[in-house]
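J.: After the structure tokens below, expect a handful of questions from me.
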Amino acid sequence: MIYTCTLNPAIDLFIETPHLKPEVVNRTNSYDIQPNGKGVNVSFILKHLGVKNTALGVGGGFTSDFIEESLRKKGIETDFTHIDGISRINVFTRVVDTDTEYKQVNNGPEVNEKKVQEFLNKVAKLKSGDKLVVSGSFSRGIKPNIIVEIAQMAEKQNFDLLIDTSYNEVLDAIKYHPFLLKPNDEELLSWFGENDSHDLSTLIKYSKKLLDEGAQRILLSIGSKGALYVDEKQVVFGNAPKIKVVNTACSGDTMLGTFIAGIEQGMTVADNLQRSIAAASSTAASSGLTNFEDVSELMQQIKIEKMEG
């Protein structure tokens, strides 16, 4: 079984407005309310591609109720740890006249140690053959070193751990051999004290350093440039297709969910990376997650190359 894990779920409010002016009422063109959280999005993508999964999470209040009900309506099982607080609401605003996107992302609610342990007790039930996807930020009270504890559990219990979070503690977790890491280029560079953008050779170098330190696979999103896949045998690059960006918030989750589905479906790395980049781009060109209707067309713009490491 594949389990996704969202330790800071959210409702996302997407707004399109012709302009955004201070101290006046700005009438909007449209709005949309969507359940969100990186692991939640991975669950939706997996289900869309026919891959059964269970969504774990830590959340509370009417917002968590909405998120969990939305998952169940899609046929995704949920096993959330419930807290007294209210899960967050984020706001993403697209301003038409300036072609600008504003992202307002809130902190999550406070989670006490008892509830953290309640969540970890669920992870303790995972077994060999299972996969756990830990994605996104953590609510207040959930310390970043929980990723190390989960990695230790994965090695001991022999389940596959996939990590998509920017905390530096990821570097402490990789000695426990996670199945896959999915940073973006900025996160990767920041882990190694780099702040400026670099060419592909530098990104490959640092991806391979993660392998040397214990990670099994790296799926690296590089925004408008595309994505890299790196393991001990190969380095594969795919460019991004040309699109009109509407919302970038969920594109990385789409890439990861699509790539996991491709692994489960036995796709080659090249075909899997091509479809994953196209799906991520489709999401970036949409107000929400892709429906995959234009993915085949976008794939035609993507060239997959084997790179020298």
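J.: Under 5 Å between amide hydrogens, which residues at least 5 positions from Met307 or on another chain qualify, with H placed 1.01 Å from N in the peptide plane?
T.: Correct list: Val235, Val236, Phe237.
J.: If packing is taken as the mean number of other Cβ atoms within 10 Å per residue, what is the order of 105-111, 173-179, highest first?
T.: In decreasing order of mean packing, 105-111, 173-179 become 173-179, 105-111.
J.: With runs of 4+ DSSP H residues as the only contributors, calculate the mean residue ellipticity of the chain at 222 nm using -39,500 (n - 2.57) per run, divided by the residue total and rounded to the nearest 500.
T.: -10500 deg cm²/dmol
J.: Given the options Tyr229, Tyr3, Trp191, identify the residue whose Cα lies farthest towards the positive end of the charge dipole of the chain (+1 on Cβ of Lys, Arg; -1 on Cβ of Asp, Glu).
T.: Farthest towards the positive pole: Tyr3.
J.: Quick one: check the C-alpha center-to-center distance for region 75-119 versus region 221-253, whole angstrom.
T.: Each part reduced to its Cα centre gives a spacing of 24 Å.
J.: I would also like to ask the following. Set the Förster radius R0 to 35 Å, insert the Cβ-Cβ distance between Thr248 and Lys114 as r into 1/(1 + (r/R0)^6), and round the FRET efficiency to 0.05.
T.: The formula returns an efficiency of 0.45 here.
J.: Could you work out, for the chain, what percent of all Cα-Cα pairs fall into each 20 Å distance bin, beginning at 0 Å and stopping at the bin that holds the largest distance?
T.: With 20 Å bins starting at 0, P(r) equals 34, 60, 7.
J.: Here is a further query. Of the DSSP beta bridges with both residues in the chain, give the percent that are antiparallel, rounding to the nearest 5.
T.: Antiparallel bridges make up about 40 percent of those DSSP assigns within the chain.
Computed from the coordinates by the stated procedures, all read-outs in this text should not be read as laboratory data. Note that the structure is predicted; figures quoted are calculated from it, not measured. All Cβ positions, even for glycine, are placed from backbone atoms using ideal geometry, and neighbour counts span all protein chains on display.
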